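**Student:** For reference, the structure I am asking about is given below.
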Amino acid sequence: MRNTIHFTAFNTLKFAPGVRRNRFFLARLSLWSTAVLTTITTLLLIVPSLALSSAPVQTIKVVMDDNYPPYIMRSEDGRLKGILIDQWQLWEKKTGIHAEISAMDWTEAQRRMEAGEFDVIDTIFQTPKRHLLYNFSKPYATIDVPLYFHTDISGIKGAEDVRGFIVGVKSDDAVIEQLQAQGVSNLLKFNNYESVIAAARDNKVKVFSVDRPPALYFLNQMAIADRFHETAPLYSGKFHRAVKKGNTQLLAQIEQGFSKISETEYQHIERQWLGTPIIPHSWIRPALSFIAIATGLVLILMTWIWFLRRGIEKRTADLQRTSEYLQAVLDSVNDAIFVHDGATGAIIDVNQAMLDMYRITREQALLADANDLSLGSHPYSQAEAVTWMTKARMGKPQTFEWMAKRYQGEVFPVEVSIRFCHIGAATRFLVTVREITERKKTEESLITSEAKYRQLYESMADAFACIDMNGHIFESNKTFQAMVGYTVEELSTMTYANLTPKKWHALESSILRDQVVPLGYSEVYEKEYQHKDGTIIPVELRTFLIRDNLGTPKSMWAIVRDLSERKQAEQQRLETERKMLHTQKLDTLGVMAGGIAHDFNNLLMAIQGNLDLAKMDIPLDSPSLAFLDNCMKAIRRAADLTRQMLAYSGKGHFLIQTIDLNALVSENFHLFRASVAKTVELKLHLGQDLPAIQADAGQIQQVIMNLITNASESLDHKAGVVTITSGIDFCDEHDLKRGRQQNTPPPGHFVWLDVTDNGCGMNDTILHRLFDPFFTTKFTGRGLGTSAILGIIQGHNGAIIVNSAPGQGTSFKVLFPAASATSTPSPNHTNSALQPTRSSDSRQSGAILLVDDEHIVRKVCSAMLERLGWHEVFTAADGIEAVELFRQHSATIRCAIIDLSMPRMDGMTTAREIHAISSSTPLIIASGFSEEDVSKDSTAQHIAAFIAKPFNLSTLRTVLAEVLAASPR
């Protein structure tokens, strides 16, 4: 295979200095001796340097195309091989630097190089766009890039000749810019060159552009080289190696390494892949060979001339017989056949049927034009004939009806087919004419056959109407009458313009002028009809023209289809897409809210911790104590805000319990009553014997409070009623999809709570944005409540359904999955904040490891631990530092408090690493996110406790006491 490639494909390569091949005999002898001396000298220089070299080996990552023979390709077992692989391996020996070579699809190679996964990209052309991204080496090979086209096609010399063709190219190849710059835009892209050639082999493309070396390789490999012609090169690209823009030091290191490879070594690699011409060992042998070859060639030439002369004589006789045979075939055809010159349109040949049909002699036919053989006036004149031929020249055969004229002047209808083709180097129009006089008579007979016609069009599911050339409707089927709402008598007094809104009149006039009259039909197009009751009906229709025997337009008929259902389906699809976009927007806002809440919780942690410590040092009778209490209240409100943001993001901290929803509402009814205006009547209608639900009581209380507050505000300080109702229902998928949550819970029994008001209600615009963060119809600073409600409901795998209309009030219905019958409601405890003690705890033995990426949090938590008696606290800013500290002090560290979200190594990974060192040390995870984020992790079993940020001194004391009591040391 390699020898074949040497003499067919790769003898066209043009190598840059350093890898250029010399084909002349004398130069090859000189080069042979020079190569031997150079190799010896190189070995003398390299061996000592290798012996003395002891520098550590470095590594660079190189990426390139994986299918560019002979430079780079894969063997049958998938290994990389080729010129570049051998050159890079030699480069490694010269530099002592390991080149880690990866080869892949060219588009993927460029993407991953731009992403920074590789240091060097090879087999790359330099283009203006790539120049902005990379620094390029000197070119090391010149590659011709021509066009290849199928032998069935002729007349292609360059890019401007393929603008009407589909051109196969490799994705992200440099030739794409070249073709697009010359107006070639119909490009079919493939992953690699081999796929382009395979598509050409399978006749999926007739024209393609591939770099010449791999093109010739794959054309010969697939045995299809004889099926394609090659143009002159569109351009000649140069192979470079490139690095990221600005990395000139690496580029210089690469260039220096390749400069150490001698020309002899380059040539040795080329001979391995391109083949080696046989070099004689003496001067006599080539001379004798030359004489023998010359003599043989003379004898062969003389013999060839003799056979050629015999062949020409035989071929001439064959052509004469073929010509006679083809003429006999043409004359036996009943249809008239014209052959027109492709350049001038002149008639250059006709068959016997044409002479008989037009009653004309051959000499008269060859001198005639379209006017002589047609009606001669619009639309059957020379000008229209030229138009049809122009359309046929564009590549699509044309078939149409025409009014022809015999030489004596008799007009008769015909059907004409025109096909443009290449015959040898010439272009021709082949025109077939069939007389259709009898067919026209039959058509007239069918038109007058009222009974059969009526049965046909009345049974059509689509609407059907006939109009005269002035637009008057003189016939229609029942489907059309039902569509527009008029009787047949009413329609007989109307035109199609009376049924069509004015905005469509100009369009239909242009269709009638440009399509129906000249072509005899229109393409399918859309418009609207106006029903008798004023309803607008979207339709699609196609109009056909009816002519009389003289070709004069007589009337038109149209098939009309109602598009109402299709348009409705399209509208539903667009609405679905709109909802998806809205969901994506809410997801993005949720991620942002979660991130802000996380950072905000860290700040609150620092503030609350310092306030706890400060209160311990201030006398009980100090006036400042009241100010600190006010600060603590503000912190609790801020913490509530972060909980709302986390609830919206789906990362809220939920304390899931089995609770009785009715009991929760009843116990907090006085709080709900206090949250509404005095003018509002708050009613309670709770269902009986409701099953429990699995939920966070505090979060559900927040949901109910927000719904009641919104209901009260909708009354705008006026008298009104807000009603709280509860119950249980079985909800199927249809019921649950009415909800505004992103994910639909599975069907089942749901305990629901409905908060209804008789306030002002909401329009569609407000309903659409109701759950957007910070959207409000009240005043700036409000609006996170509904988005937090949505987050809490979604976090409980529930649903929320909203019904509202302007002036009719609003109903919010929240649904929670009913708990199993065996679940027992947990008592509702009041979360009372523990007050910090006024003195420090007794000294604790051992140490605590505190891990948090926020310095201010580490500082305040360290101080809090010291107040709790832990005077030896090791702090770490990230997981890696924490693991190292624990490894050094594991004997004294009794517990580790680890932040969940940290750079470099997150909290769960840090916990896993510490547990691997000592499984007996209790681990506490601290986070502003939900405890569920921890429990989902596979290492959650190693976690002794979870503490939610921000936490106070009392909470920290309690959690530490519990985990240390469970894991004594």
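The values are calculated or read from the model by the stated rules, or taken from the named source; none is laboratory data. Since this is a predicted model, take the numbers as computed values, not measurements. Positions of Cβ are backbone-derived with ideal geometry, glycine not excepted, and every protein chain shown enters the neighbour counts. Calculation scope for accessible area: heavy atoms of the full protein, side chains included, ligands and nucleic acids excluded. Shrake-Rupley method; radii C 1.70, N 1.55, O 1.52, S 1.80 Å.
**Student:** Name the single residue, out of those in the range 614-626 being in a helix (DSSP H, G or I) and either on the phi > 0 side of the Ramachandran plot or loosely packed, with under 11 Cβ neighbours inside 10 Å (or both), that is modelled with the highest pLDDT.
**Tutor:** Asp617
**Student:** Another question about this same structure. Mind telling me which of the residues Lys129, Lys94, Lys157 ends up being assigned to a loop (DSSP other than H, G, I, E, B), in contact (Cβ under 8 Å) with a residue 12 or more places away in the chain and not aromatic (Phe, Trp, Tyr)?
**Tutor:** None of the others qualify; the one that does is Lys157.
**Student:** Sticking with this structure for a sec: Name the one entry in Lys502, Lys527, Lys478 that is exposed (fewer than 13 other Cβ atoms within 10 Å of the Cβ) and farther than 30 Å from Val386 by Cβ.
**Tutor:** It is Lys502.
**Student:** Output the qualifying pairs, or none if there are none: Cβ atoms under 7 angstrom, residues six or more apart or on different chains, first residue in the range 535-561 and in contact (Cβ under 8 Å) with a residue 40 or more places away in the chain and surrounded by 18 or more Cβ atoms within 10 Å (Cβ to Cβ), second residue of a type in the set (S, T, N, Q) and not in a loop (DSSP other than H, G, I, E, B).
**Tutor:** Correct list of pairs: Ile537/Ser564; Met556/Thr543; Ala558/Thr543.
**Student:** Quick check: anything in the range 688-697 open to solvent by less than 60 Å² (accessible area, probe 1.4 Å), under 52 Å from the mean Cα position of the chain (by Cα) and closer than 21 Å to Val721 by Cα?
**Tutor:** The answer is no, given that none of the residues of the range 688-697 is open to solvent by less than 60 Å² (accessible area, probe 1.4 Å), under 52 Å from the mean Cα position of the chain (by Cα) and closer than 21 Å to Val721 by Cα.
**Student:** Being modelled with pLDDT under 95, not in a helix (DSSP H, G or I) and not basic (Lys, Arg) is true for just one of Glu508, Glu575, Glu570, Glu540. Which residue is that? Spell out the reasoning first.
**Tutor:** Values: Glu508 fails: not in a helix (DSSP H, G or I); Glu575 fails: not in a helix (DSSP H, G or I); Glu570 fails: not in a helix (DSSP H, G or I).
None of the other options fit; the residue is Glu540.
**Student:** Hey, another quick one. Taking the residues in the range 227-255 that are in contact (Cβ under 8 Å) with a residue 40 or more places away in the chain and assigned to a helix (DSSP H, G or I) as candidates, determine which candidate is least open to solvent (accessible area, probe 1.4 Å).
**Tutor:** It comes out as Ile254.
**Student:** Suppose the filter is touching a Ser or Thr at 6+ places or on another chain (Cβ under 7 Å) and either touching a residue at least 24 places away in the same chain (Cβ under 8 Å) or of a type outside the set (Phe, Trp, Tyr) (or both); does Ala891 pass it? It would help to see each step written out before you state the result.
**Tutor:** Working: touching a Ser or Thr at 6+ places or on another chain (Cβ under 7 Å): no; either touching a residue at least 24 places away in the same chain (Cβ under 8 Å) or of a type outside the set (Phe, Trp, Tyr) (or both): yes.
Judged against the criteria, Ala891 is not a match.
**Student:** Counting only residues that are open to solvent by 30 Å² or more (accessible area, probe 1.4 Å) and among the β-branched types (Val, Ile, Thr), which one in the range 393-416 is farthest from Ser522 (Cα to Cα)?
**Tutor:** Val411
**Student:** Check whether at least one residue in the range 502-514 is basic (Lys, Arg) and under 17 Å from Met556 (Cα atoms), and report yes or no.
**Tutor:** yes
**Student:** Could you list all residues from the range 671-702 that are modelled with pLDDT of 90 or more and part of a helix (DSSP H, G or I)?
**Tutor:** Once the filter is applied, which keeps residues that are modelled with pLDDT of 90 or more and part of a helix (DSSP H, G or I), the range 671-702 yields nothing.
**Student:** Then there is this: Here are Thr500, Thr495, Thr535, Thr543: which of them is of a type in the set (S, T, N, Q) and out of contact with any strand residue (DSSP E or B) (no Cβ under 8 Å at 6 or more places or on another chain)?
**Tutor:** Thr535
**Student:** For the range 358-392, which residues satisfy the criterion of being open to solvent by 40 Å² or more (accessible area, probe 1.4 Å), under 16 Å from Ile347 (Cα atoms) and small (Gly, Ala, Ser)?
**Tutor:** Ala383
**Student:** Next question. Would you please name the residue that is farthest from Gln382 (Cα to Cα), looking only at residues in the range 316-330 that are open to solvent by 60 Å² or more (accessible area, probe 1.4 Å) and charged (D, E, K, R)?
**Tutor:** Arg321
**Student:** If a residue counts only when it is in contact (Cβ under 8 Å) with a residue 40 or more places away in the chain, which helices (runs of 4 or more DSSP H) contained entirely in the range 354-407 have at least 3 such residues? Outline the logic, then answer.
**Tutor:** Values: elements: 362-367, 370-373, 382-393.
Result: 382-393.
**Student:** Of (1) at pLDDT 90 or above; (2) surrounded by fewer than 17 Cβ atoms within 10 Å (Cβ to Cβ); (3) in a helix (DSSP H, G or I), Met705 satisfies all except one. Which?
**Tutor:** (1)
**Student:** Please verify whether the range 171-188 includes one or more residues that are farther than 30 Å from Met394 by Cβ and either modelled with pLDDT of 90 or more or surrounded by 21 or more Cβ atoms within 10 Å (Cβ to Cβ) (or both).
**Tutor:** No, the range 171-188 has no match at all.
**Student:** If you don't mind, there's one more thing I want to ask. Restricting to the range 263-278, name every residue that is on the phi < 0 side of the Ramachandran plot and open to solvent by less than 20 Å² (accessible area, probe 1.4 Å).
**Tutor:** Selection gives Thr264, Gln267, Ile269, Glu270, Leu274.
**Student:** Next up: Do the conditions hold for Gln87, that is, is it modelled with pLDDT under 95 and farther than 27 Å from Gln180 by Cα?
**Tutor:** In short, yes.
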